């Protein structure tokens, strides 16, 4: 049977297109300009606040805390939340406050590659990949702001495969890194509102609301098609080899539930947490033969500062920035550090084996 051709959409009408296209592009331009304006106002306000604060101004006396956490992204925000309930914690972040647009899930695509909220890393030239990209280099987005990449990603909430964690445990000899060892921590931060045939791998009452998107679209058809081909439907938060399932998202009441809204905002005014925005950590301060970390050096609004930790320094600045900070501190491959004139404190393969 011959299928009649589909009638053209009303959106394809030249008059509609002539009117609609400028409106869409104007809206995008307004959104971009407003987010950039928000960033500039936030940075200016923070700089004025720092300059008027005798403790932070241009004083050379270092601030001291129990813990220093570098980076407020998907991991750093959680660590800071837990520690700040019992200790004094300094959270250092290169970016600023989450912009209003970050709360809207559909804004993700418009926020990528914006220098005030995205690091926009670029890989070296690839030999077997990125053949269709300029200079065969891939762009790697990483969020900049309190909440890190959880501010700009596409909200997909998916843990690593259980075998990955078991492999960590086997390599380190520490069973706390196994899937069964980390599962209680995953469950503790999760408030699962979806349905699952393996509910024992999900948590309820945690900080982050997790569940399927309210809009179904064609997702059920994809799952059924996979079943027809012999693939099982399994909860991807638990044990599986090959499977299909409906992806969960970290959203709450239609808004992005980032690590800022879940872990930082609720305790910001009531805990031992101090946040220094627009603070770029340059290196970790080490002392003694054991290279004990006792503080960090950072630059905030053009002024080089030092902060000290009486207990620990925790580097949680992401897959790109964390190795960079460590290598600038003298922790990394000796030959690579020497090529940049950096004295080697600890010869370790930092930054090696980065894959995607």
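Listed here are the residues, each with its yes/no results for (1) assigned by TED's automatic domain parsing to the domain that holds residue 274; (2) out of contact with any helix residue (DSSP H, G or I) (no Cβ under 9 Å at 6 or more places or on another chain); (3) within 20 Å of residue 119 (Cβ to Cβ).
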site	(1), (2), (3)
324	no, yes, yes
332	no, no, yes
344	no, no, no
355	no, yes, yes
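Got at least one residue in segment 101-115 being in contact with a strand residue (DSSP E or B) (Cβ under 9 Å, 6 or more places away or on another chain), within 22 Å of residue 282 (Cα to Cα) and assigned to a loop (DSSP other than H, G, I, E, B)? No, segment 101-115 has no match at all.
Within segment 285-306, residues that are assigned by TED's automatic domain parsing to the domain that holds residue 343 and free of Cβ contacts under 8 Å to residues at least 40 places away in the same chain have Cβ atoms under 6 Å from residues that are crowded, with 17+ Cβ neighbours inside 10 Å and in a strand (DSSP E or B) in no pair, counting only partners at least 6 apart in sequence or on another chain. One residue stands out among those in segment 342-355 that are without any contact (Cβ under 8 Å) to a residue 40 or more places away in the chain and within 19 Å of residue 291 (Cβ to Cβ): the one that is surrounded by the fewest Cβ atoms within 10 Å (Cβ to Cβ), which is 343.
Determine whether segment 221-236 contains at least one residue that is closer than 30 Å to residue 323 by Cα and either exposed (fewer than 13 other Cβ atoms within 10 Å of the Cβ) or under 24 Å from the mean Cα position of the chain (by Cα) (or both).
Initially, segment 221-236 is screened for residues closer than 30 Å to residue 323 by Cα, giving 236.
Checking which are either exposed (fewer than 13 other Cβ atoms within 10 Å of the Cβ) or under 24 Å from the mean Cα position of the chain (by Cα) (or both) leaves us with 236.
Yes.
Do the conditions hold for residue 248, that is, is it crowded, with 17+ Cβ neighbours inside 10 Å and touching a residue at least 40 places away in the same chain (Cβ under 8 Å)? When the stated conditions are applied, residue 248 passes them. Take the residues in segment 259-277 that are out of contact with any strand residue (DSSP E or B) (no Cβ under 6 Å at 6 or more places or on another chain) and buried (at least 21 other Cβ atoms within 10 Å of the Cβ), then tell me which one is farthest from residue 81 (Cα to Cα). That would be 277.
The single condition from (1) loosely packed, with under 13 Cβ neighbours inside 10 Å; (2) touching a residue at least 12 places away in the same chain (Cβ under 8 Å); (3) in contact with a helix residue (DSSP H, G or I) (Cβ under 6 Å, 6 or more places away or on another chain) that residue 166 fails is (1). Among the criteria (1) outside any loop (DSSP other than H, G, I, E, B); (2) modelled with pLDDT under 95; (3) in contact with a helix residue (DSSP H, G or I) (Cβ under 9 Å, 6 or more places away or on another chain), the one residue 237 does not fulfil is (1). Screening 131, 110 for residues that are at negative phi and in contact (Cβ under 8 Å) with a residue 60 or more places away in the chain leaves exactly one candidate, 110.
For the structure I just gave you, tell me whether residue 146 is assigned by TED's automatic domain parsing to the domain that holds residue 276, buried (at least 18 other Cβ atoms within 10 Å of the Cβ) and at pLDDT 95 or above. Judged against the criteria, residue 146 is a match.
The values are calculated or read from the model by the stated rules, or taken from the named source; none is laboratory data. Remember, predicted model here, so these are calculated numbers, not experimental data. Glycine also receives a Cβ, built like all others from the backbone with ideal geometry; neighbour counts cover every protein chain displayed.
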